[in-house]
Amino acid sequence: MRGVVSMADDTKALKRAVKFRPVILILVMLVLTGGRAWGADLRSTAPTPGAQAETSPSLPPPMPVVRYVVEKGDTLWGLSRQWGVSVECIQAGNPDAQMMPGEVLEIPRWECRVFWAKGGELLTDLADYLRMPAADIARANRLREDAVFTPGQRVWIPLEVPANGVCREEAYVRTPEGDHWYARFPWPAVGCVSREFGSDGLGRHHGIDIAAPFGHGIICPRDGWVVEVGNNDSPTSPGLGTYIKVAHEFDEAGNPMLWTIYGHVSGFNVALGEVASGVGIRVRAGDVIGYVGNNGRSTGAHLHFEVWLRGRPQDPLNFLVGAGS
């Protein structure tokens with residue numbers, strides 16, 4: 001099974017094996033085999049994850065892992081493109097995935113593989129075996145470096161630890177107020193970009209259009225607050241029809257500083273009463289906030305997606321994973 005790492009029962013034998021394995025060979029095999037084990041102790045299926053080892057509130061945040069509910073038409077390739085990690089990475093954490101609608105997947109934001117513990121293994125022994133810092137494994141899983149694994153425990157093995165703690169790709173924006181860096185967003189919907197940001201023969205376009213199936217879920221790409229929903233045009237972007245606005249950062253006065261807009265939606269997945277009351281609704285990265293539609297100034301099902309920073313529209317492709325700079 002791709003993406004599964006296992007260890008020998010005999011820890012002493014494992015340590016002897018590590019001693020004679022060159023560093024480069026270990027790393028190359030981990031990448032090329034999708035994190036699979038070497039030797040006869042290869043699992044064909046992964047056990048059910050068990051309880052996590054002891055954690056501490058003082059530890060740094062772990063690797064972000066998003067719970068995603070599969071929809072009709074989803075593919076591993078599409079999710080890989082949407083979240084900016086490889087197919088092997090998604091398979092590693094979900095070895096029994098069938099990609100059936102309603103199935104729940106756990107998608108890591110860092111490129112990684114997985115070790116399924118038999119119980120009793122030491123985190124430090126695993127790190128020695130893989131010739132990587134124990135601190136990286138500990139941080140990815142929010143464990144102490146002296147952790148002892150429990151039977152069936154899933155342990156994420158990061159191939160890299162992003163400096164920003166979220167995503168290896170970063171967006172850089174310079175504004176009159178200063179420079180801004182953001183971990184790049186996952187795509188709110190999967191599809192081809194049918195219209196780009198900027199001025200064209202149709203006029204000024206404050207976002208991008210993503211051609212996607214009607215009714216497919218639109219995910220929130222970053223933690224934030226739903227602060228506005230509308231059934232008419234957005235004040236800043238005529239022709240959007242039904243839209244959702246999510247604020248992700250606020251200035252010192254409490255006004256939205258970074259926000260995103262989703263246009264032509266066919267339905268909401270948020271409580272409209274709470275938004276209308278001014279309370280707003282807390283949403284997390286990966287939450288479905290609405291559904292792809294075809295209303296307003298639209299000729300086919302698609303999502304219109306905008307990113308605004310300090311009152312100015314930005315090219316969303318500068319913020320999305322895998323979209324270049």
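Just so you know, all these numbers are worked out from the coordinates, no wet-lab data involved. Keep in mind that what you see is a predicted model, and the values were worked out from it rather than measured. Here the Cβ positions follow ideal geometry from the backbone for every residue, glycine too, while neighbour counts run over all protein chains shown.
Figures for the structure shown
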| read-out | value |
| --- | --- |
| DSSP-assigned coil residues among GluC sites (Glu not before Pro) in segment 151-218, each with at most 12 further Cβ atoms within 10 Å | 160, 177 |
| Amide H contacts of residue 249 (H built 1.01 Å from N, under 5 Å, at least 5 apart or other chain) | 257, 258 |
| Burial order of peptide ranges 100-106, 317-323 (average beta-carbon count within 10 Å, highest first) | 317-323, 100-106 |
| Chymotrypsin sites (Phe, Trp or Tyr not before Pro) restricted to DSSP loop in segment 155-209 with at most 16 other C-beta within 10 Å | none |
| Order of 245, 72, 118 - criterion: other Cβ atoms within 10 Å of each residue's Cβ, fewest first | 72, 118, 245 |
| Mean Cβ count within 10 Å, highest first, over the residues of peptides 183-193, 209-219 | 183-193, 209-219 |
| Footprinting exposure proxy for 109, 312 (fewest neighbouring C-beta atoms within 10 Å first) | 312, 109 |
| Residue order, fewest to most beta carbons within 10 Å, for 205, 264 | 205, 264 |
| Separation of the residue 255 and residue 177 label points, Cα + 7 Å toward Cβ, nm | 0.8 |
